[in-house]
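Note sheet for the following structure.
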Amino acid sequence: MPSVPFHTWLPDAHVEAPTPISVILAGVLLKMGTYGMLRISWPMFPDGVKYFQWFIALVGTVSIVYGAFCALAQHKVGMRDFKKLIAYSSVSHMGYVVLGMAAMNSEGMVGAIFQMFNHGLITSMLFMIVGVIYDRSHTRGLDDFGGLANKMPVYTGIMSIAFFAAIGLPGMSGFISEAFVFLGAFKGLPIYFAIISGLGIVLGAGYMLWTLQKVFFGKLPERWSGPWDPTHKKYKTDDINFIELVALVPLAVLIIYLGIFPGAMINLMNSTVNHLIEFVKLGGQFTAGL
């Protein structure tokens, strides 16, 4: 679970890993920590959860804001690694999961679980998209690109869906889960946790839109405009191919579908979530149905 201060392994792991491993790490493995907390730690130590509720919320809030600032810092000269930006955004977005879990109410917990699923969809899509351009150019530097929308329009369209989903645009699944997390935080925690965490949305829009503008709009650099030339180290930037679309389009469809019809997921969670909340609040004394 990449929460501040135990998050520093995640960006390095993503940068060093090939694209398939980054997808598995983002889509599955990051959720093992939060799943274990919900399924094991919360029922085993309900009094501890209630006692440390404010501290858990603090960890989530700091992770949201700090991760967003670190992602924004990737636009600084000398850093600017596309994949590391997505990795730090994972720290920020997983902070919403912790914040929702700390709220200890139905809205927050449903939002946290839904955010776990949405983060797996959206961030896996983002890492695959970075892998597409890295496979062609062998670089992830944000300053190495520009104007790719002119050369790769289909790729730009797919990337835009993933970027706007990561921002939490209404109509996409990320908006629903983050909205539920904030509803739960306003209801179950001191108000300043939700207010400070709201900075993550503003900063997230900043670094995502800045990246979209830098990489895909403007003038296409000359090195990407020609065919492969091993002498001058120019690379061919063909548009996204059929196999890559087969991997990415189902994720985009799920993101949009769950943004419009979130009840397909939320209805599956309600009874279990409400039971867990009641069990923890009663200090583990409620055992019916376990």
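Each value in this text was obtained by applying a stated rule to the coordinates, not by laboratory testing. What you are looking at is a predicted structure, and each value in this text was computed from that prediction instead of being measured. Here Cβ is always computed from backbone atoms with ideal geometry, including for glycine, and neighbour counts include all displayed protein chains.
Values computed for the structure shown
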item: Taking N as its residue count, the alpha carbon Rg of the chain over 2.2 N^0.38 Å; result: 1.05
item: Cα-Cα pairs of the range 111-207 separated by more than 18 Å (percent); result: 55
item: Integer Hz, Karplus 6.51/-1.76/1.60 couplings in order for the range 8-15, x for Gly and Pro; result: 5, 5, 5, x, 5, 4, 5, 5
item: Alpha-carbon centroid distance for the pair the range 34-109 / the range 141-178, whole angstrom; result: 23
item: The range 1-154: C-alpha gyration tensor shape, a/c 1.5 cut-off, then a/b vs b/c; result: prolate
item: Chain lengthening between residue 69 and residue 16 when straightened (0.36 nm per residue, less Cα-Cα); result: 16.9 nm
item: The range 94-158: C-alpha gyration tensor shape, a/c 1.5 cut-off, then a/b vs b/c; result: prolate
item: Cα gyration tensor shape for the range 1-52, rounded if a/c is under 1.5, else prolate or oblate; result: oblate
item: Above-threshold pairs, the threshold being 29 Å between Cα atoms, out of 83/219; 31/281; 84/187; 84/281; 83/281; 84/151; result: 84/187; 84/281; 83/281
item: For the range 127-140, 3J(HN,Hα) per residue [Karplus equation, 6.51 cos²θ - 1.76 cosθ + 1.60, θ = phi - 60°, Hz, x = Gly/Pro]; result: 5, 5, 5, 4, x, 4, 6, 5, 4, 8, 10, 6, 8, 10
item: Distance (nanometres) between label positions extended 7 Å along Cα→Cβ at residue 219 and residue 45; result: 5.9
item: Per-peptide average of other Cβ atoms within 10 Å, ordering 173-180, 265-272, 29-36, 129-136 highest first; result: 173-180, 129-136, 29-36, 265-272
item: Gain on full stretching of the segment that runs from residue 256 to residue 196 - 0.36 nm per residue minus C-alpha separation; result: 18.8 nm
item: Karplus (6.51, -1.76, 1.60) ³J(HN,Hα), θ = phi - 60°, over the range 187-197, in Hz, Gly and Pro reported as x; result: 7, x, 10, x, 4, 5, 5, 5, 5, 5, 5
item: Radius, Kirkwood style, for the range 34-90 when every pair of distinct Cα atoms is counted (Å); result: 13.3
item: Check: the chain dipole with +1 on Lys, Arg Cβ and -1 on Asp, Glu Cβ, in debye; result: 300
